[in-house]
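What follows is one structure encoded as structure tokens, with my remarks underneath.
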Amino acid sequence: MSAVEERSSEEGVRGLALSPRLVWPWLAIVAALISLAGLGAELLGHAIGLPLDQGVVPYLSLSNEANVPTYFSAALLASCSVLLTIAAQAARAAREKRAWSWWVLAAGFALMSVDEAIEIHEHLAFFRTGGVLYFSWVIPAGVLVLVLGVGFLRFLRDLPAATRWRFVGAGALYVLGAVGLELPLGAWTERFGNESLGYALIDWCEESLEIGALILFLHALFRHLASAGVHVRFVSDGAKGPAREHIPSSNDSSNGA
């Protein structure tokens, strides 16, 4: 079965079915190509002295903004938000007691997508710090992660075990990249600046972990929605059901005579 398969229901309604087993590998392949291209651009740029602020390096580097990796990550975050919104709608329809948690997650990922595209947090300086806390935004980010982790414990507990551990694994990997690796990156930046190869390599690891975690989370959402039997249909406001076939009766025959 292809990643997008066209199907026809018994009622004659045509639709598209997404297969998580094939969407997941394609996303992983694209992510790997983007990550490796960024790494190659950085290594080549430092090896032969290519300019880091123009040419191919800034378009492919995972350390730069407003380029291919940035918009790919933003698209992954937005896709997570869309699937979370679908999950929220399904949870509300099923009258689940923690349906609001899905809505909070959907809104959070939408905000993260916008932030990833325009890099708001990178330009915020909350405190005057140094060393591993050189990027001071990691302090409120760490507190927020802790608060959300505690606040969503019951939500995670109520999920099916497979979904729960997939969510936890993807979340832990994302936090490791987004917050954890920002600590050594800050220490390196304070001492050597942000134009060295060491900075580029640490940042490459950080961004690659984030992208990998988002793909794992997307896969987990696909699996969760599929196991819950959630279907999405697009219909127009005035759409009517398919016309029923008229079966002649004996009265029709007598009237015709």
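Here are the numbers:
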{"quantity": "Residues being in a helix (DSSP H, G or I) and more than 30 Å from GLY229 (Cβ to Cβ) - total across the stretch 29-73", "calculated": "28"}
{"quantity": "Selection status of LEU62, modelled with pLDDT of 90 or more, closer than 25 Å to TYR199 by Cα, surrounded by fewer than 16 Cβ atoms within 10 Å (Cβ to Cβ) and not small (Gly, Ala, Ser)", "calculated": "no"}
{"quantity": "Members of the stretch 70-124 found to be among the hydroxyl-bearing types (Ser, Thr, Tyr) and over 12 Å from the mean Cα position of the chain (by Cα), listed by number", "calculated": "THR70, THR85, SER101"}
{"quantity": "Count of residues meeting criterion [farther than 18 Å from PHE109 by Cβ and free of Cβ contacts under 8 Å to residues at least 40 places away in the same chain] in the stretch 143-163", "calculated": "6"}
{"quantity": "Selection from the stretch 164-190 of residues that are within 19 Å of HIS224 (Cα to Cα) and surrounded by fewer than 18 Cβ atoms within 10 Å (Cβ to Cβ)", "calculated": "ARG164, TRP165, VAL168, GLY169, ALA172"}
{"quantity": "Cross-chain or 6+ apart pairs with Cβ under 9 Å, the stretch 220-234 first and without any contact (Cβ under 8 Å) to a residue 60 or more places away in the chain, then crowded, with 17+ Cβ neighbours inside 10 Å and β-branched (Val, Ile, Thr)", "calculated": "ALA220/THR163"}
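Results for (1) within 30 Å of TRP26 (Cβ to Cβ); (2) among the small types (Gly, Ala, Ser); (3) crowded, with 16+ Cβ neighbours inside 10 Å; (4) modelled with pLDDT under 95, shown as yes or no for each residue.
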site	(1), (2), (3), (4)
THR85	yes, no, yes, no
LEU105	yes, no, yes, no
SER136	no, yes, yes, yes
LEU144	no, no, no, yes
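The values are calculated or read from the model by the stated rules, or taken from the named source; none is laboratory data. The model shown is predicted, which means the values in this text are computed figures rather than measured ones. Note: ideal-geometry Cβ built from the backbone for every residue, glycine included; neighbour counts use all protein chains shown.
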